[in-house]
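Peer 1: Below you'll find the structure I mean.
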Amino acid sequence: MPELPEVETVRRGLAAVLEGHRLTRVICRRPDLRFPLPDGFGQLLTGRRVTAVRRRAKFLLIDMEDDTVLMAHLGMSGRFSIFAAPPPPEEPHDHVIIETSAGNTIRYNDPRRFGFMDLTTKAEASDHVMLAKLGPEPVSPGIGGPELAARLKGRKTPIKAALLDQTVVAGIGNIYACEALHQAGLSPKRLARTVQGGRADRLSAAICDVLERAIDAGGSSLRDHRQPSGELGYFQHSFLAYGRENEACPCCGPKQTIRRIVQAGRSTFYCSGCQR
């Protein structure tokens with residue numbers, strides 16, 4: 001599933017072609033994605049001018065001039081693609097097609113249909129069922145060590161599981177939790193409640209650094225993620241732990257290798273030598 005860096009990359013691509021322009025046509029090729037699309041979805045958006053494209057955690061928020069907000073989530077395989085006129089032929093899983101006053105076509109393609117779109121308003125967006133319980137953003141300006149420590153205090157789950165809990169910190173998924181814990185030198189098996197003081201400071205700094213570097217690299221393209229331009233992300237070439245089972249730890253050298261364990265059904269990659 002796309003995590004915060006991938007969604008931020010998509011946001012930036014969409015902002016460049018949507019902000020300040022009207023949606024001249026919005027076509028729905030099916031009535032539902034993960035959930036049914038709102039009644040009259042295409043008609044309600046057609047003719048609206050986009051004022052801003054925002055991100056909250058892993059969600060895209062597209063603001064219209066009349067205070068309507070189009071909320072989108074990419075699910076497992078969702079992808080937005082941008083085409084200048086004339087666009088290429090549609091693909092089988094192009095479910096939502098948006099044409100703009102600037103002559104661009106934006107297509108939402110989702111083979112598995114785990115993504116969704118919904119309509120809300122600026123006033124009601126923060127209370128939407130998908131956003132209401134989200135924790136703080138880990139970038140810009142980022143969650144500081146004391147705030148992270150407070151949110152972890154008393155939690156008996158492993159720190160890896162706590163980072164994946166979107167009510168603790170918003171937007172972190174499996175890949176970047178592994179990378180941040182490795183950079184911070186913390187075992188994914190450590191109880192979350194023990195990440196206090198200097199440990200929380202190291203982890204908060206590592207989270208922000210890893211996510212910002214991943215954003216700069218266009219995210220990680222392992223399966224479905226592509227930038228709206230069609231380019232791949234390339235942060236996967238900078239992984240220090242994720243997916244590197246049995247390889248030498250970049251910090252410890254040949255004497256320690258990256259291990260893989262399963263936590264709550266998810267693969268965790270870490271080094272037992274430098275992560276304590």
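Peer 1: Subtract the Cα-Cα distance of residue 133 and residue 261 from 0.36 nm times their separation in residues, and report this length gain in nm to one decimal.
Peer 2: The span from residue 133 to residue 261 would gain 43.2 nm if fully extended.
Peer 1: Ordered by residue, what ³J(HN,Hα) values in Hz, to whole numbers, does segment 63-73 give under the Karplus form 6.51 cos²θ - 1.76 cosθ + 1.60, where θ = phi - 60° and Gly and Pro are x?
Peer 2: Ordered by residue, 3J(HN,Hα) equals 7, 10, 5, 9, 6, 5, 10, 8, 9, 9, 10 Hz.
Peer 1: What list of ³J(HN,Hα) values in whole Hz, one per residue of segment 252-262 in order, does the Karplus curve 6.51 cos²θ - 1.76 cosθ + 1.60 (θ = phi - 60°) give from phi, with Gly and Pro shown as x?
Peer 2: My calculation for segment 252-262 gives 8, x, x, 5, 10, 10, 6, 9, 10, 10, 10 Hz in order.
Peer 1: Rounded to the nearest 10 degrees, what's the angle between the helix 4-18 long axis and the longest principal axis of the chain, both from Cα atoms, 0 to 90?
Peer 2: Value to nearest ten degrees: 20.
Peer 1: With axes computed from alpha carbons, what is the tilt in degrees of helix 197-216 against the longest principal axis of the chain, rounded to the nearest 10 within 0 to 90?
Peer 2: Between the helix axis and the principal axis of the chain, the angle is about 40 degrees.
Peer 1: Now for a different question. How much length, in nm to one decimal, is gained on full extension between residue 274 and residue 101, taken as 0.36 nm per residue of separation minus their Cα-Cα distance?
Peer 2: Computed gain between residue 274 and residue 101 is 56.9 nm.
Peer 1: Under 10 Å from the Cβ of residue 168, count the other residues' Cβ atoms, weight Lys and Arg +1, Asp and Glu -1, and hand me the total.
Peer 2: Neighbour charge sum, excluding residue 168 itself: +1.
Peer 1: Report the extension gain between residue 39 and residue 191 in nm, rounded to one decimal, defined as 0.36 nm multiplied by the number of residues separating them, less their alpha carbon distance.
Peer 2: 50.1 nm
Peer 1: With θ set to phi - 60°, apply the Karplus curve 6.51 cos²θ - 1.76 cosθ + 1.60 along segment 179-188 and write out the HN-Hα couplings as whole Hz, x wherever there is a Gly or Pro.
Peer 2: Per-residue couplings from phi come out as 5, 5, 5, 5, 5, 7, x, 10, 5, x Hz.
Peer 1: Where the centroid of each part is defined by its Cα atoms, how far is segment 146-177 from segment 236-263 in Å?
Peer 2: Their Cα centres are 22 Å away from one another.
Peer 1: Follow-up question, since we're still on this one. Using 7 Å Cα-to-Cβ label points, what is the residue 30/residue 212 separation (nm, one decimal)?
Peer 2: Here the modelled spin labels are 4.0 nm apart.
Peer 1: For a quick check: with amide H placed at 1.01 Å from N, whose amide H comes under 5 Å from residue 256's, ignoring anything fewer than 5 positions away on the same chain?
Peer 2: 249
Peer 1: Among the lysines, select those whose C-alpha is under 27 Å from the C-alpha of residue 153, and discard any that sit fewer than 8 residues away in the same chain.
Peer 2: Once the sequence-local lysines are set aside, what remains near residue 153 is 58, 133, 189.
Peer 1: If I model a spin label at residue 85 and residue 246 as a point 7 Å from the Cα along the Cα→Cβ vector, what separation in nanometres do I get?
Peer 2: 5.5
Peer 1: Report the chymotrypsin sites (Phe, Trp or Tyr not before Pro) located in segment 37-82 that are in a DSSP loop and have at most 13 other Cβ atoms inside 10 Å of their Cβ, or state none.
Peer 2: none
Peer 1: If contacts are Cα pairs under 8 angstrom and at least 6 residues apart, what is the relative contact order of segment 1-71 in percent?
Peer 2: Once divided by the residue count of segment 1-71, the mean separation gives 33 percent.
Peer 1: Would you mind giving the average projected area, over all directions, of the Cα convex hull of segment 216-276 in nm² with one decimal?
Peer 2: If I average the Cα hull's projected area over directions, I get 5.3 nm².
Peer 1: Go ahead and run the numbers for FRET between residue 114 and residue 153, Cβ-Cβ distance against an R0 of 30 Å, rounding to 0.05. Intermediate results must be reported in sequence, preceding the final value.
Peer 2: Numbers: r = 33 Å, r/R0 = 1.11.
Efficiency computed from Cβ-Cβ geometry: 0.35.
Here, each number is a calculation from the coordinates, and none is a lab measurement. Only a predicted model underlies this, so the values are computations on that prediction, with no experimental measurement involved. So basically every Cβ, Gly included, is an ideal-geometry build from the backbone, and we count neighbours across all protein chains shown.
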